[in-house]
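Peer 1: One structure, pasted below without further comment.
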Amino acid sequence: MGMIFSLIAVIVLVAVAFVGTQLHLSGLFGVAIPYLAFLVFIAGFVRKVIKWGQSPVPFHIPTTCGQQKSLPWIKQSKLDNPSTTLQVIGRMALEVLLFRSLFRNIKTHRTDGGPVYGSNKWLWLGGLAFHVTFFVVFIRHLRFFTEPVPAWVNMLDAVDGFVQVGVPHMLITGVVLLAAATYLLLRRIFNSQVQYISLAADYFPLFLIIGIALTGILMRYFIKVDIVKVKELTMGLATFKATVPDGIGSIFFIHLFLISVLFAYFPFSKLMHLAGVFMSPTRNLANNSRAVRHINPWNPKVHLHTYEEYEDEFREVMKSEGIPVEKE
Amino acid sequence: MYNGGKIIIGLIIFIALVTFPFYTNMGKTSEQPAALTSSPDDPHIGGLKIGQMRSEHMKILDQWRDEVVRGGERFITFDGDQYEKSLQIGCLGCHAKQEFCDKCHSYAGVKPYCWDCHFAEGEGQL
């Protein structure tokens, strides 16, 4: 249900952009909507992060997968059970860059003796391939937003296309991105447990990103557009001197519109895990709850009557009754 | 806000990264490659329009290379005239490389590997 809905939604978006360009609304689809989407992206992103930042963390809740820091002769698992900020940074880096928590035994089998957890690295591999290639594709697009194009962007493009298949040369990341996104979609469709918990909010971003990758690949290799005109438009956006040159094919506006939708949708969706991964208390806290007291920020102020104060209050009485006191 | 300092620093880094295209181009006017002044509807040769040549020339060159290198078909007839399927004799015979190839290619961040083997007149060999 959610899948069909999402697929139709993306098809409608493509149709809207196509009809829009046929009606010569390229100013709307080429300038107004991209700017608006970017604004919504930034404002929504900041708003969401600040809202998360305002939520207190009442308990100290790092999840751990290894030996806690203990007696000196017991070996601590420093990355799985960090006790200092530096170790937390190491753990976070591995999580953010290599998706370490997916690189575990995450597949459960039922056996007569109880559940058995086995290795299944496909999700890890597919997820990592998807994220890394999407990031590289994103960075490569800087060639449309910089003039002159920085050498490192050109170098990235050269490395990405080093197999030199066809003209213009095939970029590996584009192909891997499409393949990985398709794998992530098929996994949701054919793995019945995952399908059971999948909602429209899971399918929609996948279809949208597959749509973006497909239109991009089509535009690069098959339905050509005048790339210099495209750059004239994108540079206009980047320099706030927006122009819409004539003669750019509709495929470009479809691509751009889908990206605009992705940007505008981003802050309101699960895609916010981009920020959320850094703000997960189960990951970014050191497991030092036995060494450092975690105070719940919403605790009311409790007046404590300490022993020192007690003794100050009753010192004379205690002395007269022969009870030992700490301070004379 | 809890841990406000760290969160604000993270947000500032994030915004600085995603708005890179805006401040890197601050105050610049991007100039078009001059060769683009002619209309895309003007005819090139062989029934092709300028616009088609702009977006599809790499396909044609790729096809020519295969036909010449693998099939030995060196010539193509456009409008009754014979042309040699050749980058250096054909294209570069009329168009200067620096004006015609390099300007747009460097503008669009494209580095074709034609020049791994071919070289234009006036440019040194590899």
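Read-outs throughout are calculated quantities, based only on the coordinates presented, and are distinct from any laboratory measurement. Remember, predicted model here, so these are calculated numbers, not experimental data. Neighbour counts run over all protein chains shown; Cβ positions are idealised from the backbone, glycine included.
Peer 1: I want the local charge near A:MET92. Using Cβ-Cβ distances under 14 Å, sum +1 for each Lys or Arg and -1 for each Asp or Glu among the other residues.
Peer 2: Spelling it out: positives minus negatives among the neighbours equals +3.
Peer 1: Further question: Could you give log10 I(q)/I(0) at q = 0.15 Å⁻¹ for the stretch B:4-89, computed by the Debye formula over C-alpha point scatterers of equal weight, without solvent?
Peer 2: Calculated log10 I(q)/I(0) at the listed q: -0.74.
Peer 1: Relative to the present Cα-Cα distance, how much length would full extension add between A:ILE74 and A:ALA179 at 0.36 nm per residue of separation?
Peer 2: Using 0.36 nm per residue and subtracting the Cα-Cα distance, I get 33.3 nm.
Peer 1: Which of B:CYS101, A:GLN68, B:PHE75 sits farthest toward the positive end of the charge dipole of the protein assembly as shown, with +1 on the Cβ of Lys and Arg and -1 on the Cβ of Asp and Glu?
Peer 2: Among B:CYS101, A:GLN68, B:PHE75, the one farthest towards the positive end of the dipole of the protein assembly as shown is A:GLN68.
Peer 1: Something else: Magnitude of the Cβ-charge dipole of the protein assembly as shown, K/R +1 and D/E -1, about the Cα centre, nearest 20 debye?
Peer 2: About 1160 debye.
Peer 1: Under 5 Å between amide hydrogens, which residues at least 5 positions from B:LYS49 or on another chain qualify, with H placed 1.01 Å from N in the peptide plane?
Peer 2: Amide H to amide H, under 5 Å and 5 or more residues apart or across chains, B:LYS49 pairs with B:HIS44.
Peer 1: Compute the helix-to-body angle for A:85-98: its Cα long axis versus the longest principal axis of chain A, expressed 0 to 90° and rounded to tens.
Peer 2: Here the helix axis deviates by roughly 30 degrees.
Peer 1: Which aspartates and glutamates have a Cα less than 13 Å from the Cα of B:LYS97, not counting those fewer than 8 places away in the same chain?
Peer 2: Partners within reach: B:GLU121, B:GLU123.
Peer 1: Same structure again: For the stretch A:49-143, report the convex hull volume of the alpha-carbon atoms normalised per residue, in Å³, without decimals.
Peer 2: Dividing the Cα hull volume of the stretch A:49-143 by its residue count gives 192 Å³.
Peer 1: Next up: If you average 1/r across every pair of different Cα atoms in chain A and take the reciprocal, what Kirkwood value do you get, in Å?
Peer 2: By the Kirkwood definition, the hydrodynamic radius is 24.4 Å.
Peer 1: With everything on Cα atoms, drop me the angle between helix A:227-238 and the longest principal axis of chain A, reported from 0 to 90° to the nearest 10.
Peer 2: Compared with the principal axis, the helix lies near 40 degrees.
Peer 1: Please find the FRET efficiency linking A:VAL16 to B:ASP41, where r is the Cβ-Cβ separation and R0 is fixed at 25 Å, and quote it to the nearest 0.05.
Peer 2: 0.35
Peer 1: Suppose the Debye formula is applied to equal point scatterers at every Cα of the stretch A:99-211; what is log10 I(q)/I(0) at q = 0.19, 0.20, 0.22 Å⁻¹?
Peer 2: Evaluating at q = 0.19, 0.20, 0.22 Å⁻¹ gives log10 I(q)/I(0) of -1.06, -1.12, -1.22.
Peer 1: Here's a follow-up. Exposed loop trypsin sites (Lys or Arg not before Pro) only (DSSP loop, at most 15 other Cβ atoms within 10 Å): please give the longest stretch of chain A free of them, not including the sites.
Peer 2: In short, A:122-240.
Peer 1: Highest GNM mean-square fluctuation, chain B, Cα pairs closer than 10 Å: which of B:ILE12, B:ILE89, B:ILE45?
Peer 2: Residue with maximal mean-square fluctuation among B:ILE12, B:ILE89, B:ILE45: B:ILE12.
Peer 1: While we're here: Run the numbers on chain B and let me know its relative contact order in percent, using alpha-carbon pairs under 8 Å that are six or more apart.
Peer 2: Answer for chain B is 15 percent.
Peer 1: What's the longest bit of chain A with no exposed chymotrypsin sites (Phe, Trp or Tyr not before Pro), using DSSP loop states and at most 12 other Cβ atoms within 10 Å as the test?
Peer 2: Answer - A:74-161.
Peer 1: Can you compute the modelled spin-label distance between A:LYS241 and B:LYS28, with each label point 7 Å from Cα toward Cβ, in nm?
Peer 2: Distance between the two pseudo-spin positions: 1.2 nm.
Peer 1: Right, another one. Straight-line reach from A:LYS107: which lysines have a Cα under 20 Å away, not including same-chain ones fewer than 8 places off?
Peer 2: Qualifying lysines at Cα under 20 Å: A:LYS121.
Peer 1: If r is the Cβ-Cβ distance from B:ILE13 to A:VAL159 and R0 is 22 Å, what FRET efficiency results, to the nearest 0.05?
Peer 2: 0.30
Peer 1: Can you find, among A:HIS169, A:PHE204, A:ILE89, the residue farthest towards the positive end of the dipole of the stretch A:2-294? Put +1 on the C-beta of Lys and Arg, -1 on that of Asp and Glu.
Peer 2: Positive-most Cα among the choices belongs to A:ILE89.
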